[in-house]
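J.: Here it is, the structure in full.
Nothing in this text is a laboratory measurement; each read-out follows from the coordinates by a stated rule. Just so you know, these numbers come straight off a predicted model, no measurement behind them. Cβ atoms come from the backbone with ideal geometry, glycine included; neighbour counts cover every protein chain shown.
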Amino acid sequence: MKNKIFLIFCLLLLFNSCLDNRAPCGINTYIYYAEGNCNITNQNIKYMPYTGKVYIAQKQVAEQFADSSFDSLKKIALVTKAVRGGISLLVEPGTYYIIPDTMFCLNCNNMVTINKDDLIEKEFKFLKCISN
């Protein structure tokens, strides 16, 4: 219960910081997802719009977590749902990782920096490596 109250409080703070007579600051993006064998080069990978939970985690917080503690990161990150690949979320200025629920991935390809009065519109592609 305390976590839910804290999350609601954080979301209200984020919402208010972006709507004080300024342009909104946040993320308006599409996420695409595919699975494939990462050992094969030049394979024909078809990315599809992702539908599911997406976690938005501050860079400095996310980098303290390892793959084994993805569940812990999920508890403190902002969460939204991608529908047919689309997400839209107001956030405070800062650097964030965009992480789909299907895989824990921290690298430059899924990182975004949002400055004051920025509305970032960027596409993200995630390839989950599977073996045959």
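J.: Apply the Karplus parameterisation 6.51 cos²θ - 1.76 cosθ + 1.60, with θ equal to phi minus 60°, to every residue of the range 72-86 and state each ³J(HN,Hα) to the nearest whole Hz, in sequence, with x for glycine and proline.
T.: Computed from phi, the couplings for the range 72-86 are 5, 4, 4, 6, 10, 7, 5, 10, 9, 10, 7, 10, 6, x, x Hz.
J.: For the range 20-132, what is the percent of antiparallel DSSP beta bridges, rounded to the nearest 5?
T.: 70 percent
J.: For a protection proxy built on the mean count of beta-carbon atoms within 10 angstrom, sort 110-119, 85-94 highest first, please.
T.: So the peptides 110-119, 85-94, ranked by packing, come out 85-94, 110-119.
J.: Next question, about the same structure. Sequence-distant or interchain residues sharing an amide H contact under 5 Å with G86, placed H: which?
T.: Residues meeting the amide H criterion: I31.
J.: May I pose another question? On a 21 Å Cα-Cα criterion, which of the cross-link pairs K53/K116; K81/K116; K75/K116; K46/K122; K53/K75; K75/K122 come out too long?
T.: K53/K116; K81/K116; K75/K116; K75/K122
J.: If you don't mind, there's one more thing I want to ask. Determine the relative contact order of the range 40-129: mean sequence separation of Cα pairs under 8 Å and six or more apart, normalised by residue count, in whole percent.
T.: Reported relative contact order: 31 percent.
J.: Would you mind checking which residues have amide H under 5 Å from A77's amide H? H placed 1.01 Å from N; only 5 or more apart, or other chain.
T.: Result for A77 returns nothing.
J.: Net charge around I87, counting only other residues with Cβ within less than 15 Å of its Cβ (Lys, Arg = +1; Asp, Glu = -1)?
T.: Around I87, the surrounding residues sum to +2.
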